[in-house]
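Each reported figure results from applying straightforward, stated rules to the coordinates on display, with no laboratory input. Not measured: the values here are computed from a predicted model. Virtual Cβ from ideal backbone geometry, glycine too; neighbours counted across all protein chains shown.
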Amino acid sequence: MKKIMVLGGSGFVGSQLCEKLARQGWLVTVPTRRRTNASHLLHLPGLTVLEFDVHNEVALTAALPGHDAVVNLVAILHGTQAAFDKTHVALPEKIARAALASGVAHVVQISALGAQDEQPSSPSSMYLRSKSRGEAALMRSAPATRDAGFSLTILRPSVIFGAEDKFLNLFARLQQIAPFVPLAGADALFQPVWVQDVALAVVRCLAQSRSPGGQQPPLVLELCGPEVYTLKQLVQLAGQLSGVRQGRGRPVFGLPDWLAWPQAALMELLPGEPLMSRDNLASMRTPNVAGGKLPGLALLGITPAALPPLAAVYLTQNQPHQGMQGLRQRASRRP
Ligand SMILES: NC(=O)c1ccc[n+]([C@@H]2O[C@H](COP(=O)([O-])OP(=O)(O)OC[C@H]3O[C@@H](n4cnc5c(N)ncnc54)[C@H](OP(=O)(O)O)[C@@H]3O)[C@@H](O)[C@H]2O)c1
C-alpha cells in the first residue's frame, strides 16, 4: 500500500484527487491551514488530515517521512509579488528539500499551461512567472543524485472545469443578475479540461511511478480538453447552459484594453476574491492552449471529456434561481 501527501488536497482539484486515491486504497495525508477546510474529506478511507502551515518547512519536513510521493496543488490566483513568490516558488523549493530529506520517491507538481513561455524577465503575469520559477526550482532539485533524488512530474492544465469550479459557475451566477456582461480579455484562448481528467492524470502518473533515484528526466505534460474556446465563448456558454433567459444567456461585450485595465483595477478593490485582476488580464495574453510540443492526456490513456454536456448538468443544478425552468431541464435529463 502506498502513502501519499497531497498539499492543497482540500481544494477543487485536490478533493477529486483524494477521493480517487482513497477509493483505490492509497493512504492519503492532507495538510491544511484549517481542519474545517478539509472536513468534507474526513469520511474517505485511509485519509488523514493534518493541521499545519505548509509554508512552515520544519513542520513539512517532519510530516513527510514515510510517504512514497507528494503532490503539490497549493496555488493562488491573486495577490502581491511576495505572495506569488511565497506560494509558487518558495513552497516548491521547500517541498524539494523536504522530499530529498525524507527519501520521497516521486513529486508531482501541478503547474499551469503557459508557465513554460515565461522568462524571468518577461513583462507578463506574476502568476505565470512564479509558476515557471516554481517548476524550475523543482527541476533543479529532481536529479540531485542518481541514487537519492526523486522523480518529478509536472502537469500543466489549462483552465479546469467541474461542478465546483470558480470559473463557469461564477459567470453563470453573474448572468443571473446582470443584464449584460462587459468582458475583459474576451479574445483570450482556453482549452478547458475536466477536473476528473486532471485528477485521473495525477493518479495515473503516481501509479506508473517510475523507479526511484531521479535517473529519468522530469516528465512534463500539458492537460487540455478537446476544444479551444475564447473567453467570450465560454462566458456565453455558461449563461446558455445554466438556462439564463431560456438558454440564450446574456449579451456579452468584449471590452477594449483602455477600459479592461481600469475595470480589473476596480475589481481588485472590491471585497473578497476579485472576478478579474490586472494580473489575470496579463496572464491571458499567453494563449492557454496546448503548445503541441509536449505530451498530453493521451500519453496516460485518457480521452479528455468535452465541456458542454458536463457543464450543462452542473451549471443547471448549481443555479438556485432557475425555478421551474431548471426543474424542467433537470427532469428531462433523467434517464
Ligand atoms: N482551477 C483551475 O482552473 C486551474 C487551472 C490551471 C492550473 N491550476 C492549478 O491546479 C492546482 C489546483 O488548483 P485548485 O483550483 O484545485 O486550487 P484551490 O482549490 O484554489 O486551492 C487548493 C488548496 O490550496 C491551499 N491554499 C490556497 N492558498 C494557500 C496559501 N496561501 N497557503 C497555503 N495553502 C493555500 C488550500 O488548502 P487549505 O485551505 O486546506 O489550507 C486550498 O484548498 C493549482 O496549482 C493551480 O494553480 C488550476
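Observations on the structure shown:
- Value of [θ]222 nm, deg cm²/dmol, for the chain, DSSP H segments ≥ 4, -39500 (n - 2.57) each, nearest 500: -11500 deg cm²/dmol
- Rounded to 5, the percent of DSSP beta bridges in the chain classed as antiparallel: 10 percent
- Placed amide H near Leu50: partners under 5 Å, 5+ positions off or other chain: Val30, Thr32
- 20 Å binning of all Cα-Cα separations within the chain, expressed as whole percents from 0 upward: 30, 58, 12, 0
- Our coupling estimate for segment 130-138, obtained by passing each phi through the Karplus curve with A = 6.51, B = -1.76, C = 1.60 and θ = phi - 60°, is 6, 4, 4, 5, x, 4, 4, 4, 5 Hz, Gly and Pro reported as x.
- Relative packing of peptides 59-66, 187-194, 275-282 - highest average C-beta neighbours within 10 Å first: 187-194, 275-282, 59-66
- Stokes-Einstein D (µm²/s) once Rh is taken as the Kirkwood radius of segment 1-154 over alpha-carbon pairs, at 37 °C in 0.692 mPa s: 209 µm²/s
- For Leu294, no residue whose modelled amide H falls within less than 5 Å of its own remains once neighbours fewer than 5 places apart on the same chain are excluded.
- Of the peptides 43-52, 104-113, the order by per-residue mean of other Cβ atoms within 10 Å, starting with the highest, comes out as 104-113, 43-52.
- Cα-based helix-to-principal-axis angle, 257-269 vs the chain, degrees rounded to 10: 70 degrees
- In this structure the amide hydrogen of Gly254, modeled in the peptide plane, comes within under 5 Å of the amide hydrogens of Leu183, none closer than 5 places in sequence on its chain.
- Taking all pairs of distinct alpha-carbon atoms in segment 174-256, Kirkwood radius in angstrom: 15.6 Å
- For the peptides 152-161, 70-79, the ranking by packing is 152-161, 70-79, with the highest mean count of neighbouring Cβ atoms within 10 Å listed first.
- Dipole magnitude of the chain, debye to nearest 20 (Cβ charges: Lys/Arg +1, Asp/Glu -1, about Cα centre): 740 debye
- Degrees between helix 231-241 axis and first principal axis of the chain (Cα, 0 to 90, nearest 10): 70 degrees
- Set of lysines near Lys2 by C-alpha distance (under 24 Å), chain-local residues within fewer than 8 positions excluded: Lys20, Lys94
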